[in-house]
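One structure is given below, encoded as structure tokens.
The values are calculated or read from the model by the stated rules, or taken from the named source; none is laboratory data. Since the structure is predicted, the reported quantities are computational estimates derived from the model, not experimental observations. Every residue, glycine among them, receives a Cβ derived from its backbone with ideal geometry; neighbour counts consider all protein chains shown. These accessible areas exclude ligands, DNA and RNA; they are computed on the full protein's heavy atoms, side chains included. Shrake-Rupley method; radii C 1.70, N 1.55, O 1.52, S 1.80 Å.
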Amino acid sequence: MNITASYTDLYQLTMAQVYFKTKPDGRAVYDYYFRNNPFNGGYSIFAGLEDVLNILETLKFSTSDVTYLEQHGFEKSFLDYLKEFRFRGNIFSSMEGDVVFPNRPILQVEANIIEAQIIETLLLNILNFQTLIATKASRIRHSAKTEMLLDMGLRRAHATGGYYASRAAIVGGFDSTSNVKAAEDYNIPSSGTMAHSFIQSYEDELEAFRDFAKIRPKNCVLLIDTYNTLRSGLPNAITVAKEMESSGEQLLGVRLDSGDLAYLAKKARKMLDDADLGYVKIVASNQLDEYVIKSLKDQGAPIDIYGVGTNLVTGKPDAAIDGVYKLSEYNGEPRIKLSENIIKVSLPSKKQVYRMLDKNGMFYGADAVAIYDEKNVARMEHSFDANKSLELTRFEHEPLLQKVMENGKKVMPSRTVSEIAEYSKSRLLKLPDEYKRFQNPHIYKIGLSTHLKQERDRLVKKHKF
């Protein structure tokens, strides 16, 4: 998608103009993080980083952008600056696809304060949304186990958000998408079946199936619930499957899109098997999510492929993730934001995050946030409870924030969406099961190094009235 630097909120530019007039050379560090896992879950899947970096490498204001902003009263000198605007900062980040948790930096921007301010909205917009959808996809994958998952949500998505949703779905564990544009641009598998209207356009359902199979014999899936699933749709599909066999082809599957999916899938499986069509797969769709799929699996429904749409691409029921972007350092000096709500008190200074690994390389259940140049974090303190701490010397410390952009250019190798998805899968395998359950998951511990906690407490005392 073609994005220019005007893809931002107006207040980013009004602040940027003040910076331009008063402190154009200020150097800032901003943290990106979120405060709660979506869906009341125990983890999130970080997604959208590759898109953000690719956009930032070429981000600029177009001539029409500058002309438009001139109408909003911005000064000529600032507009001249915007004509030459480029992001030339550094970005340190968790790897896309990693398992991440609330209230710890996931990404840090280190840049001229004007540049860092202007990119805030774009960064939040992409990372918040893709992380939400990738997390939803991961939960659905957890329920589906090894069965195939197809993203079918574009028509129900929030306009062009469906483009990024399809990408994030693959990161989170889906196998393919019906979204042709996303599949083309991101080189991800595409697949699809047919609509009821195709069958309705014919006088006879069997004729519709025959034409479809004749023209599209490869990966042919027939939708069997337009009229009557077991009395019409499935018998006609069996007839076509036998005709395909005689011409050296095979019907890939039949799709159920309404009714009691568990009951119909069991009946369909028996009818197919009785017709010696054990290879024909059963595809199910219709308002699926992680809970419905888990229920279908628990009932023993013989479903091979799940097509998930609305509930995936809209992130239902949460719709948004509460990601924020907070200033933590300015010209080498730590900065903090206070709040009466203690969870909203930000963490100062440029930082590193260390993940604790046990002797088997599994995630222990704790990430420690430290000042960026701390090399040995022996203990992590609870953010606000002075009586809680954790000794860390027995764990391997894995640094999570890696430099991915330097002076506005990517310094990490590009990865395909499929490679990111494989990485995410490998990281999830290191996360103990108690954090993956849907009901009352374990809470992953996030703590501060003693040095960082002292620095934060000093600034709280300094600024508190």
Notebook entry, point to check: Can you put Asp257, Asp373 in order of accessible area, largest first, using a 1.4 Å probe?
Noted result: Asp373, Asp257
Margin query: Loop only by DSSP, 16 or fewer other Cβ within 10 Å of the Cβ. Give me the chymotrypsin sites (Phe, Trp or Tyr not before Pro) in region 404-446 that pass, ordered by residue number.
Written below: Phe438
Notebook entry, point to check: With the dipole of the chain worked out from charges on the C-beta (+1 for Lys and Arg, -1 for Asp and Glu) around the Cα centre, which of Ser197, Pro441, Met271 lies farthest toward the positive end?
Noted result: Pro441
Checklist line | Euclidean distance of C-alpha centroids, region 230-260 and region 194-214, integer Å | finding: 12
Notebook entry, point to check: What Rg and what Dmax come out for region 170-238 when only alpha-carbon atoms are used, in angstroms?
Noted result: 14.5, 42
Check: Listed here are the pairs Lys281/Lys436; Lys60/Lys316; Lys83/Lys409; Lys294/Lys359; Lys344/Lys453; Lys344/Lys409; which of them are more than 26 Å apart at the Cα?
Finding: Lys281/Lys436; Lys60/Lys316; Lys294/Lys359; Lys344/Lys409
Next item on the list: Compute the convex hull volume of the Cα atoms of region 47-113, divide it by the residue count, and report the result per residue in Å³ as a whole number.
Entry: 124
Next item on the list: First check a/c for region 393-455, with a ≥ b ≥ c the square roots of the eigenvalues of its C-alpha gyration tensor; if it is under 1.5, answer rounded, and if not, answer prolate when a/b is larger than b/c or oblate otherwise.
Entry: oblate
Check: So what is the diffusion coefficient of region 284-398 in µm² per second by Stokes-Einstein at 25 °C and 0.890 mPa s, using a Kirkwood Rh over Cα pairs?
Finding: 132
Notebook entry, point to check: Going through region 2-78, which GluC sites (Glu not before Pro) have at most 13 other Cβ atoms within 10 Å and a DSSP loop state?
Noted result: Glu75
Next item on the list: Compute the convex hull volume of the Cα atoms of region 1-149, divide it by the residue count, and report the result per residue in Å³ as a whole number.
Entry: 122
Next item on the list: Between Asn407 and Ile215, take the C-beta separation as r, use R0 = 51 Å, and let me know the FRET efficiency to the nearest 0.05.
Entry: 0.45
Checklist line | Compactness of region 74-152, expressed as Rg and Dmax over alpha-carbon positions, Å | finding: 18.1, 59
Check: What list of whole percents do you get for P(r) of region 149-198, with Cα-Cα distances grouped in 10 Å bins up to the one holding the largest distance?
Finding: 28, 57, 14, 1
Next item on the list: Can you figure out the FRET efficiency of Asn2 with Phe198, using R₀ = 25 Å and their beta-carbon distance, to the nearest 0.05?
Entry: 0.15
Margin query: Considering only C-alpha atoms, what is the centroid distance from region 294-356 to region 419-465, in Å?
Written below: 11
Item checked: Solution diffusion estimate, µm²/s, Stokes-Einstein, the chain, Kirkwood Rh from C-alpha pairs, 4 °C, viscosity 1.567 mPa s -> 53
Next item on the list: At 1.4 Å probe size, with no ligands or nucleic acids counted, give the accessible surface of Met380 in Å², nearest ten.
Entry: 10
Item checked: trypsin sites (Lys or Arg not before Pro) restricted to DSSP loop in region 105-193 with at most 15 other C-beta within 10 Å -> Lys145
Notebook entry, point to check: Share of Cα-Cα pairs in region 214-304 beyond 16 Å, in percent?
Noted result: 50
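Given only helices, namely DSSP H runs of n ≥ 4 each adding -39500 (n - 2.57), what is the per-residue ellipticity at 222 nm of the chain, to the nearest 500 deg cm²/dmol? Each step should come with its number before you reach the end.
On the way: 16 runs with 171 residues, N = 465.
The helix-only estimate for the chain comes to -11000 deg cm²/dmol at 222 nm.
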Margin query: Give the separation of the Cα centroids, region 380-417 to region 58-72, in Å.
Written below: 37
